[in-house]
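Quick notes on the structure that follows.
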């Protein structure tokens, strides 16, 4: 009998298919829920904005749906319904009106919605074209980026809310177990008090050891055999240090002492320079509205004061949304 | 005789020779002791040993990291020529002094008096060296403080340095202007102003969340989930409070901001009585459904049981019946003689008449 049982098990095993690898919902290490996001658009967008949407999706990798397909007839409710079981916590919604494109950052179940007006933006391809040596290593988007917010201060509530919102879009770092090689990207948001504009930048982080001549560094990094034809001796190659690189005139501030080795070149407990190179989109945002619900609910902060009707009509003129109807309902309630 | 002579010779200048001999002995022993690393020579306090067993995973990781860093730091300090290297001898002296202060008895004081006398020659040299070193260090510190007092901006620069050391682990970038401004604390006015702006901006930096590992657990133990009924009550109270004419608006605003910030942070806020009612309703329905299912299960098991019992009793009855029939058969077989077919069942005409 035992033999029969074994045979049966064997048959079943061969039939069972491999489950597709799913993204973890809960971080193994910290035990917290990992925030995931959807980036999509409402209404028809011109091609540059569609590119911006793709750039934002790449930015939010790995915890986002890169190939999310949305159809014209999809409502916000559809996205909500899908978001629940998949563990998606944030929505980034792009839309366009005659005035300007808007970006809405919302937290899914019933969270607050922050509406940003995009004054200016540049696409990732433009940024790459403007650089002499654009850089995109392979596993740049395998790890979530770090985020730095500056100038938001501790004062105004809507700014505080924006800080908390952005801090929670990306997963937290566990300093006990974090690996230096996973911190490869950084998102910078700077708030300018005078103009009330938020600058949005996205950089890639690179560490270079300090005090090593350029030739040696390149040699160790790339393992390319250098050309020694003109030299008498290998010592010439090694000792002809050179002027260092032009950015050796780096200030102390951008140097850190690593706690562990990183890659081939950087060694622990030696100084390395932190170099940032811009990738990804560049945006100038202005926080115009904070709503209590997901694109619905009462407006708890409005940049232009309580004159809400005009703006709302502007915004949702071209979109056929459930949210529009609910907003109108809310308007009626408010009045 | 010889021994006596030797003794007298020794007695002639007892204190000087004795002292020098003892001095030489003690020098020899001191050099020996200095060769041994303090770790092996001095008695180890059991309390100082790290105890890893009772801790959780996160705490263990932290503690191990701390001890590793401490070991590294200690090794660096030991091999650093600029920092004071305490020889085993110095540490031993420290320990002895500690014991001294702990005991506080006359006998020990007498012993201690003897010791400093003996070691006075030794300590004379050592003390002078250490005094000089200490004096130099003191001078250096005073100069640093003096330098710091004059220009307020370098104080801020120090604060910034501290902050930066903390952030080294995270590898966050600093703006270039800020960095260059820090390195040139000149007294020219425009750069000063720029620096002030930069340092003010630096105070307002916020970063992504960092998990340290221990704190959350305690917090979670304290919070408990309120039952839904209670939450519903609270939500209703809140609504009524909002309707209150005087403070209603303020309460409403405060609550919306609070709810928005906690929702943005990931904490679930249950403040809508409608939704709470719905979920209570759902829970009730679920409960009812479960009760029904359970009853059904009980019903079916009972039914099956009853069926089986019935079938069993039927079978038993059948068996008994069959047994009886067989006996009758057997009995009747005997009467199946040719010419006679079974028992007499009465007369042929009985029924007709």
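The values are calculated or read from the model by the stated rules, or taken from the named source; none is laboratory data. These numbers come from a predicted model, not from an experiment. Cβ placement follows ideal geometry from the backbone for every residue including glycine, while neighbour counts extend to all protein chains displayed.
Some points to look at:
- Residue in region B:329-352 that is surrounded by 10 or more Cβ atoms within 10 Å (Cβ to Cβ), within 14 Å of chain A (Cβ to nearest Cβ) and more than 30 Å from residue A:158 (Cα to Cα) present: no
- Test: residue in region A:184-199 that is free of Cβ contacts under 8 Å to residues at least 40 places away in the same chain and in contact with a strand residue (DSSP E or B) (Cβ under 7 Å, 6 or more places away or on another chain): no
- Where residue A:170 falls short, out of the listed (1) within 21 Å of residue A:33 (Cβ to Cβ); (2) more than 8 Å from every other protein chain (Cβ to nearest Cβ): (2)
- Of all residue pairs spaced 6 or more apart or on separate chains, none has beta-carbon atoms under 8 Å together with a first member in region B:259-288 that is within 12 Å of another protein chain (Cβ to nearest Cβ) and a second member that is loosely packed, with under 10 Cβ neighbours inside 10 Å.
- Checking residue A:249 against (1) surrounded by fewer than 13 Cβ atoms within 10 Å (Cβ to Cβ); (2) modelled with pLDDT of 75 or more; (3) within 14 Å of another protein chain (Cβ to nearest Cβ), the condition it does not meet: (2)
Here's the yes/no breakdown for (1) modelled with pLDDT of 90 or more; (2) in contact with a strand residue (DSSP E or B) (Cβ under 6 Å, 6 or more places away or on another chain):
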| residue | (1), (2) |
| --- | --- |
| A:14 | no, no |
| A:29 | no, yes |
| A:44 | no, no |
| A:48 | yes, no |
| A:66 | no, no |
| A:76 | no, no |
| A:90 | yes, yes |
| A:94 | yes, yes |
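- Cβ-Cβ under 6 Å pairs, at least 6 apart or on other chains, region B:43-65 side under 18 Å from residue A:178 (Cβ atoms) and within 14 Å of chain A (Cβ to nearest Cβ), far side surrounded by 14 or more Cβ atoms within 10 Å (Cβ to Cβ) and at pLDDT below 75: B:58/B:213
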